[in-house]
Amino acid sequence: MIVFDQKSATFTLTGKGVTYAMGVTDGVLEHRYFGASVVDGDLSLYRTEAATSFEARVPGKKSQNQIAVEAPAYGRGDYREPMLVLRGENGETALDLTYTGYRIEKNHALKGLPTCRGGETLVVTLSDAVRGVSVDLFYTVFDDTPAVARAARITNTGKSDLKIQRAYSDALDLPGNGYDLITLYGAWARERTPERIPIRHGVASVDSKRVSSSAPLNPFAALVEHTATENAGRAYGIALLYSSSWKIACEGAQNGSTRLIGGINDFAFSKTLAPGESFDTPEAVFVYSSEGIGGLSRAFHDLARAHIVNPAFADKPRPIVVNNWEATYFDFDYERLFAIIDAAEGTGIDTFVLDDGWFGARVNDSAGLGDWTVNRNKLPEGLTPIIDRCHERGLKFGLWFEPEMVNPDSDLYRAHPDWAIGCPGYEPLLSRRQLVLDVTRKEVRDYLVESVNRVLKENAIDYVKWDSNRNVSDLWSPAADPRDRECFAHAYALGLYDLFDRIVLANPRVFFEGCSGGGSRYDFGMLRYFPQIWTSDDTDAGMRCMIQYGTSYCYPLSAMSCHVSVCPNHQNGRTTPFATRCAVAHLGPTGYELDLSKLPPEEKAQIAEQNALYRRDEDLVLSGDLYRIADPFDVRAFGFLLVAKDKSKAALTLVKLLTLTNAERPLFRLPGLDLSAAYLVEETGATFRGGTLAELGLPLEWRDLHDFDAAVFHFKRV
């Protein structure tokens with residue numbers, strides 16, 4: 001709900017359990033409040049007064065450095081990190097935005113960028129007549145999620161060119177400096193590790209300059225009270241619907257506030273607007289929780305499932321796949337693939353996915369990328385025999401693509417070497433023996449759309465894995481406007497989203513899974529097109545406990561593609577029990593990364609049993625509330641509790657990681673259940689009150705478990 005009080009010039013936005021308020025003071029749009037629902041009272045009474053020494057201001061007005069500005073701009077007295085930095089034709093940077101008006105929209109759109117679906121959007125217009133600038137600020141609230149989505153549109157209303165040097169999506173000023181910053185760092189095969197540090201005075205930031213949301217850092221951050229825990233305390237989160245270079249920063253300011261901002265990375269960035277032109281920033285989402293970090297995560301999960309993921313797939317049963325990659329790598333023919341397909345019978349697996357190596361001259365990773373036609377030397381009759389074999393065995397068929405990439409050894413590159421990204425005069429940089437196609441160019445996108453859609457049209461394909469196995473370097477395009485050479489990373493994002501619109505959305509019956517060398521492009525922008533993303537190339541159950549734990553800080557289990565693989569694990573050589581690999585892989589849309597034809601009968605029987613159990617619990621994975629019970633980063637245990645929205649049932653997965661000699665028995669408290677109801681533990685036959693499980697935990701013989709053993713318990717309200 002959005003309300004504007006004309007008398008106090010105050011906007012109040014109310015979502016599920018949350019209020020966002022701002023007002024107009026001396027023409028400036030000033031932030032008043034973001035937090036738990038406030039239904040009455042004059043919030044202007046709670047404005048903080050900051051010290052006035054060395055402040056720059058217009059006589060009779062407050063300095064912008066003293067107040068919480070909704071769209072802080074550089075050059076007119078606010079010395080904190082700005083949301084906007086604009087430069088005029090004479091090099092001037094001063095920008096003084098004043099309130100002009102507002103409107104309310106039901107369905108807003110940003111040019112070429114993904115946005116959250118639904119909600120009600122307030123658009124507040126600010127302007128600077130001297131500079132010739134108009135800025136629309138978008139605020140979207142939701143009835144079912146404690147979140148506010150924000151974005152901005154900058155329009156040049158003047159008579160000369162305007163250069164944008166920073167265009168973040170948002171700014172949020174919070175009272176006080178008593179916060180910790182939580183971010184997610186990592187690398188290939190160990191993505192999204194939580195890191196928590198106290199906020200100091202000054203600026204702390206995380207970013208990506210990789211033209212990707214990236215594995216080293218993720219476009220998510222949280223500010224939480226120093227005393228906040230997993231289940232208690234105030235917590236504020238930000239996540240970007242953006243898949244290119246980004247930045248999130250927070251500043252502990254001298255006036256006693258903390259500013260949180262984020263959006264397009266302004267490193268080596270600029271965008272020139274001619275008179276009349278506009279520029280849209282990506283959407284960012286702020287979430288609030290009074291139930292600690294866990295509550296913040298559950299709010300993000302609800303937002304993603306209800307307002308970001310394609311509703312055609314969000315809560316629908318997911319494919320249980322077997323992928324041939326770790327079974328065969330590039331070395332396959334019909335017989336090897338048929339053996340895997342045939343072995344799926346009776347296991348509960350419903351989709352076979354043919355991974356890399358089916359196209360062009362693809363016998364290894366040094367050739368063929370870009371040539372999206374079947375490799376007739378390897379598959380002389382094309383894909384049809386494989387698809388027919390799948391259908392005969394009751395399976396759907398899936399196929400791997402890496403559309404954004406090209407090998408120098410390919411027909412495409414030989415015909416169009418200029419289509420690969422590179423800087424004039426420099427030898428192109430290879431990564432994984434491949435280059436990146438310049439998708440900022442329409443002719444490149446047109447080729448990819450035609451090539452990929454042709455394969456999808458000519459074959460009965462139900463599932464696509466869209467991969468991207470390197471980051472971009474040598475950021476330059478011959479097709480770019482000379483004024484906008486430093487806007488390449490953003491132009492790449494717009495080109496990428498155009499590809500998704502014309503391939504993913506143009507094939508609505510096909511289920512698309514995202515991938516980027518595992519989880520190297522894992523963000524809400526991608527989830528707008530891909531209901532799930534390959535969480536990591538590391539399929540070891542021990543590492544997956546950590547990766548899936550960290551990923552859950554922002555992203556729902558329904559988005560985490562999780563597979564069972566063989567042991568010793570191909571990434572780190574570790575051996576873990578088959579039951580544990582299944583238990584961890586079932587905490588997300590599940591599948592198998594192995595050669596089914598080589599499994600012993602007892603493991604195939606386990607697959608059938610485990611898949612039946614997964615299907616039974618799948619509604620919890622797709623729509624349940626997640627409670628993190630044990631943190632795997634303390635090396636002892638991992639635990640996830642999934643609770644149905646109506647609290648009628650729950651499932652607990654525990655994994656014992658490393659045994660500590662002569663250690664005390666850990667206490668696994670189970671929040672989230674109906675405290676007054678009784679629950680039957682189906683595996684033991686015991687019954688406990690929800691309140692007992694929340695306060696005293698589940699009694700179990702922890703010592704009976706060995707390293708990397710798993711225990712799964714199901715709770716049914718009786």
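The values are calculated or read from the model by the stated rules, or taken from the named source; none is laboratory data. Keep in mind it's a predicted model, so treat the numbers as computed, not measured. Ideal geometry is used to build each Cβ from the backbone, glycine not excepted, and the neighbour counts take in all protein chains shown.
Name the residue that is farthest from V444 (Cα to Cα), counting only residues in the range 481-540 that are basic (K, R) and in contact with a helix residue (DSSP H, G or I) (Cβ under 7 Å, 6 or more places away or on another chain). Spell out the reasoning first.
First, pick out the residues of the range 481-540 that are basic (K, R): 483, 485, 502, 509, 521, 528.
With in contact with a helix residue (DSSP H, G or I) (Cβ under 7 Å, 6 or more places away or on another chain) added as a condition, the list becomes 502, 528.
On the way: R502: 13, R528: 23 Å.
Going through the qualifying residues, I end up with R528.
Hey, can you tell me all the residues within the range 422-437 that are closer than 17 Å to R210 by Cβ and either of a type in the set (F, W, Y) or without any contact (Cβ under 8 Å) to a residue 24 or more places away in the chain (or both)?
Scanning the range 422-437 gives a single hit, L430.
Report yes if some residue within the range 68-90 is β-branched (V, I, T) and part of a loop (DSSP other than H, G, I, E, B); otherwise report no. Explain how you work it out, then say what you get.
Narrowing the range 68-90 to residues β-branched (V, I, T): 69, 85.
With part of a loop (DSSP other than H, G, I, E, B) added as a condition, the list becomes none.
No; the residues of the range 68-90 include none that is β-branched (V, I, T) and part of a loop (DSSP other than H, G, I, E, B).
Does K604 satisfy the criteria of being in a helix (DSSP H, G or I) and not hydrophobic (A, V, I, L, M, F, W, C)?
Numbers: in a helix (DSSP H, G or I): yes; not hydrophobic (A, V, I, L, M, F, W, C): yes.
Here the answer is yes, as K604 does meet what is asked.
Of all the residues that make up the range 184-203, how many are part of a strand (DSSP E or B), closer than 20 Å to G256 by Cβ and in contact with a Leu (Cβ under 6 Å, 6 or more places away or on another chain)? Talk me through it step by step, then tell me what you get.
If we filter the range 184-203 for residues that are part of a strand (DSSP E or B), which is where we start, we get 184-185, 193-198, 201-203.
From what is left, the residues that are closer than 20 Å to G256 by Cβ are 197-198, 201-203.
Remaining after also requiring in contact with a Leu (Cβ under 6 Å, 6 or more places away or on another chain): 197.
Final tally of qualifying residues: 1.
Kindly indicate which of G357, G346, G382, G368 is at pLDDT below 95, on the phi > 0 side of the Ramachandran plot and out of contact with any Asp or Glu (no Cβ under 6 Å at 6 or more places or on another chain).
On the way: G357 fails: at pLDDT below 95; G382 fails: at pLDDT below 95; G368 fails: at pLDDT below 95.
Sole residue among the options that is at pLDDT below 95, on the phi > 0 side of the Ramachandran plot and out of contact with any Asp or Glu (no Cβ under 6 Å at 6 or more places or on another chain): G346.
Here is a list of conditions, (1) closer than 29 Å to G88 by Cβ; (2) modelled with pLDDT under 95; (3) basic (K, R), and K111 meets all of them except one; can you say which number that is?
(2)
Would you be able to say whether some residue in the range 408-415 is in a strand (DSSP E or B) and small (G, A, S)?
Within the range 408-415, the first condition is being in a strand (DSSP E or B), and the residues that meet it are 409.
From the residues that got through so far, the ones that are small (G, A, S) too are none.
No, the range 408-415 contains no residue that is in a strand (DSSP E or B) and small (G, A, S).
Among the candidates L657, L705, single out the residue that is farther than 21 Å from Y614 by Cβ, within 33 Å of the chain's Cα centre (by Cα) and not basic (K, R).
On the way: L705 fails: within 33 Å of the chain's Cα centre (by Cα).
Matching residue, one of L657, L705: L657.
If I filter the range 368-383 down to residues being within 23 Å of L448 (Cβ to Cβ) and surrounded by fewer than 17 Cβ atoms within 10 Å (Cβ to Cβ), which single residue comes out as nearest to the chain's Cα centre (by Cα)?
Here is the first cut: in the range 368-383, the ones within 23 Å of L448 (Cβ to Cβ) are 368-376, 378-379, 382-383.
Checking the rest, the ones that are also surrounded by fewer than 17 Cβ atoms within 10 Å (Cβ to Cβ) come to 373, 376, 382.
Numbers: T373: 31, R376: 38, G382: 36 Å.
Ranking the candidates gives T373 first.
Looking for whichever is under 28 Å from S212 (Cβ atoms) and free of Cβ contacts under 8 Å to residues at least 40 places away in the same chain here; the options are Y168, Y185. Which one fits? So that I can check it myself, show each step before the final result.
On the way: Y168 fails: free of Cβ contacts under 8 Å to residues at least 40 places away in the same chain.
From the options Y168, Y185, the qualifying one is Y185.
Report yes if some residue within the range 619-642 is in contact with a helix residue (DSSP H, G or I) (Cβ under 9 Å, 6 or more places away or on another chain), of a type outside the set (S, T, Y) and assigned to a loop (DSSP other than H, G, I, E, B); otherwise report no.
Yes: one or more hits.
Collect the residues in the range 592-616 that are over 20 Å from P568 (Cβ atoms) and either among the β-branched types (V, I, T) or buried (at least 20 other Cβ atoms within 10 Å of the Cβ) (or both), keeping them in residue-number order.
Initially, the range 592-616 is screened for residues over 20 Å from P568 (Cβ atoms), giving 601, 605, 608-616.
Matches in the range 592-616: Q610, N611, Y614.
Can you tell me which residue among V439, V449 is surrounded by 20 or more Cβ atoms within 10 Å (Cβ to Cβ) and either farther than 28 Å from A268 by Cβ or under 26 Å from the mean Cα position of the chain (by Cα) (or both)?
Numbers: V449 fails: surrounded by 20 or more Cβ atoms within 10 Å (Cβ to Cβ).
Going through V439, V449 in turn, the sole match is V439.
Would you say W419 is touching a residue at least 40 places away in the same chain (Cβ under 8 Å) and either touching a helix residue (DSSP H, G or I) at 6+ places or on another chain (Cβ under 9 Å) or on the phi < 0 side of the Ramachandran plot (or both)?
Details: touching a residue at least 40 places away in the same chain (Cβ under 8 Å): no; either touching a helix residue (DSSP H, G or I) at 6+ places or on another chain (Cβ under 9 Å) or on the phi < 0 side of the Ramachandran plot (or both): yes.
In short, no.
From the list P403, P408, which one is within 24 Å of G517 (Cα to Cα), free of Cβ contacts under 8 Å to residues at least 60 places away in the same chain and assigned by TED's automatic domain parsing to the domain that holds P478? Before the answer, list the steps.
Values: P403 fails: free of Cβ contacts under 8 Å to residues at least 60 places away in the same chain.
From the options P403, P408, the qualifying one is P408.
List the strands (runs of 3 or more DSSP E) that sit entirely inside the range 670-718 and contain at least 3 residues that are surrounded by 14 or more Cβ atoms within 10 Å (Cβ to Cβ).
Numbers: elements: 678-681, 687-689, 710-717.
Result: 678-681, 710-717.
Exactly one of (1) of a type outside the set (D, E); (2) outside any helix (DSSP H, G or I); (3) within 29 Å of A339 (Cβ to Cβ) is unmet by I387. Its number?
(2)
When the range 643-662 is examined, which residues are found to be assigned to a loop (DSSP other than H, G, I, E, B), of a type outside the set (D, E) and closer than 18 Å to A694 by Cβ? Before the answer, list the steps.
First pass over the range 643-662, keeping only residues assigned to a loop (DSSP other than H, G, I, E, B): 644-648, 657-662.
So of that shortlist, the ones also of a type outside the set (D, E) come out as 644-645, 647-648, 657-662.
Scanning the range 643-662 gives A644, K645, K647, S648.
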